[in-house]
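Engineer: Could you have a look at this structure, given as structure tokens, before my questions?
Just so it is clear, none of the values below were taken in a lab; they were calculated from the coordinates. Keep in mind that this is a model prediction, so the values were computed, not measured. Methodologically, a virtual Cβ is constructed for each residue, glycine included, from the backbone with ideal geometry; neighbour enumeration extends over all protein chains shown.
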Amino acid sequence: MALARLLFDGDDRHVTAEQLFGEAAARSIPVSLATVYNVLHQFTGAGLLREVVIAPGRSYFDTNIHDHHHFFCESSGELQDIAGEGVAVSGIPLPPAGTEISRVEVIVRVRTSG
């Protein structure tokens, strides 16, 4: 319950397991990093969070579960929402036989200029 309060008390946000673990430690919530990962994956499985995989082994967990996409800043590691209607995707191939498309996610990678 304490992790749920940290995640969902306030505005939508993107958090890594390590960030949430740090927030829990700062509030003296006794929890292991493994437990944080387990809770995040359970919440994702229950449809309460979306996992945004940036690279193998690097994921953010998003409290905004509505249709949207993301900017990912490679320089800062910051993830920002793009409204779902802000991106038009065309030319999606038919899925393999016996499967269906469940979601299309676009991650636009940016970096600071200069």
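Engineer: Farthest toward the dipole's positive end in the chain, which of SER90, GLY10, GLY22, given Cβ charges of +1 (Lys, Arg) and -1 (Asp, Glu) about the Cα centre?
Structural biologist: With unit charges placed on the Cβ atoms, the residue in question is GLY22.
Engineer: Oh, and also: Run the quick spin-label model on GLU78 and VAL53: label points 7 Å from Cα toward the beta carbon, then report their separation in nm to one decimal.
Structural biologist: Modelled inter-label distance: 2.7 nm.
Engineer: In degrees, nearest 10, range 0 to 90: what is the angle between the Cα axis of helix 33-45 and the longest Cα principal axis of the chain?
Structural biologist: Relative to the chain, helix 33-45 is tipped by roughly 40 degrees.
Engineer: Now for a different question. How big is the dipole moment of the chain about its Cα centre under a simple scheme where the beta carbon of each Lys and Arg is +1, that of each Asp and Glu is -1, and everything else is neutral? Debye, nearest 20, please.
Structural biologist: Values: 8 positive and 14 negative charges, 56 e Å.
The dipole of the chain has a size of about 260 debye.
Engineer: Moving on to the next point. Determine the gain in length on full extension of the stretch THR99-ASN38; use 0.36 nm per residue of separation and subtract their C-alpha separation, reporting nm with one decimal. Walk me through the intermediate numbers first.
Structural biologist: Numbers: separation 61, 0.36 × 61 = 21.96 nm, distance 2.76 nm.
Taking THR99 through ASN38 to full extension adds about 19.2 nm, to one decimal.
Engineer: In the chain, once you exclude exposed GluC sites (Glu not before Pro) (DSSP loop, at most 14 other Cβ within 10 angstrom), what's the longest stretch remaining? Before the final figure, lay out each step's value.
Structural biologist: Numbers: sites that count: GLU74, GLU78, GLU100, GLU105.
Longest run free of exposed loop sites: 1-73.
Engineer: To continue, here is another question. Determine by what factor the alpha-carbon radius of gyration of the chain differs from 2.2 N^0.38 Å, reporting the quotient.
Structural biologist: Working: Rg = 15.9 Å, N = 114, 2.2 N^0.38 = 13.3 Å.
Rg over 2.2 N^0.38 Å, computed on Cα atoms: 1.20.
Engineer: Moving on. Taking only Cα atoms, what is the 0 to 90° angle, nearest 10, from helix 17-26's long axis to the longest principal axis of the chain?
Structural biologist: Approximately 20 degrees, to the nearest ten.
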